[in-house]
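Take a look at the structure set out below.
The values are calculated or read from the model by the stated rules, or taken from the named source; none is laboratory data. The model shown is predicted, which means the values in this text are computed figures rather than measured ones. Using ideal geometry, Cβ is built from the backbone for each residue, glycine included, and neighbour counts are taken over all protein chains shown. In case anyone asks, the SASA skips ligands and DNA or RNA and just uses the protein heavy atoms, side chains included. Shrake-Rupley method; radii C 1.70, N 1.55, O 1.52, S 1.80 Å.
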Amino acid sequence: MSPASSTVDALARSLRERILDGELEPGTPLREEALSGEYDVARHSLRSALRALQGEGIVEIEPNRGARVKSLSPADVRSLSELRIALELEAARMVLARDAVLPPSVHDALDRLVRACRRSRPSWGSVAGLHEELHHAIVAAADSPRLTEAHGRAGAELRLFVLQLPGSWTLERIAADHEALVSELESTGAEALRPHIEESTAALLEAT
């Protein structure tokens, strides 16, 4: 790997972490002059890193307006919801048809999410990451590489989704909703995911 490539990769990694940890909120401008000075890098390296993050769906770049942290539009929210319903319901259906219960990996992911939500002063970024991990664990439990890969590609947008939820969507609500979701999946089946996803989608659409 060339020095230029390693610089771009390091920049992209740092900015990705700051965005997905919630430090750089959706809609925040990513000004080249300020960031190149902060990181002490050439502006062309910064532009390359921003283009890489644009490809991941977490940065948007507009001609003559520069880059900013992506803010999910209503169309983005709807399409993400449709994708999640298609992938997560099918994966849950496959798991529950095979085993009747969700595997320990899902329950462990739920436990980590709930503990983070109920911790004193948790970061929204960490909660968003653990929320992604739980839903990804449900999909991964189906042992379908294609489903897992497709869901993984939506991971960054899924974190942005959580970071944009309105203030009424408290951390306690996130914890309780996901405890109920896992319980209902095992008691009533995969369709429990549909209202779970649709409810938060509707809340975010109302707030945008």
*Out of the residues in the range 43-72 that are touching a Ser or Thr at 6+ places or on another chain (Cβ under 7 Å) and open to solvent by 40 Å² or more (accessible area, probe 1.4 Å), which is farthest from residue 207 (Cα to Cα)?*
43
*Give the residue, chosen from 78, 47, 84, 93, that is under 26 Å from residue 9 (Cβ atoms) and basic (Lys, Arg).*
47
*Determine the pairs where a residue that is modelled with pLDDT of 90 or more, located within the range 61-90, has a partner that is hydroxyl-bearing (Ser, Thr, Tyr) and assigned to a helix (DSSP H, G or I) with Cβ atoms under 7 Å apart, the partner being 6 or more residues away or on another chain.*
77/201; 81/201
*Taking the options 147, 204, name whichever one is modelled with pLDDT of 95 or more, open to solvent by less than 60 Å² (accessible area, probe 1.4 Å) and assigned to a helix (DSSP H, G or I).*
147
*asked:* Quick check on this structure: which one of 101, 127 is among the hydrophobic types (A, V, I, L, M, F, W, C), farther than 19 Å from residue 195 by Cα and not in a helix (DSSP H, G or I)?
replied: 101
*Can we say residue 86 is among the aliphatic types (A, V, I, L, M), more than 23 Å from the chain's Cα centre (by Cα) and exposed (fewer than 14 other Cβ atoms within 10 Å of the Cβ)?*
no
*Candidate set: the range 12-27, residues that are loosely packed, with under 15 Cβ neighbours inside 10 Å and of a type outside the set (D, E, K, R); chosen: the one modelled with the lowest pLDDT*: 27
*Which one is nearest to residue 122 (Cα to Cα), of the residues in the range 169-208 that are in contact with a helix residue (DSSP H, G or I) (Cβ under 7 Å, 6 or more places away or on another chain) and among the β-branched types (Val, Ile, Thr)?*
174
*Hits in the range 95-126 (condition: closer than 27 Å to residue 21 by Cβ, open to solvent by less than 80 Å² (accessible area, probe 1.4 Å) and among the small types (Gly, Ala, Ser))*: 105, 109, 116, 123, 125, 126
_I'm checking my understanding of the structure. Among residues of the range 154-190 that are in contact (Cβ under 8 Å) with a residue 12 or more places away in the chain, part of a loop (DSSP other than H, G, I, E, B) and over 27 Å from residue 59 (Cβ atoms), which one is least open to solvent (accessible area, probe 1.4 Å)?_
189
*asked:* Out of everything in the range 30-42 that is within 24 Å of residue 126 (Cβ to Cβ) and open to solvent by less than 50 Å² (accessible area, probe 1.4 Å), what residue ends up being nearest to the chain's Cα centre (by Cα)?
replied: 30
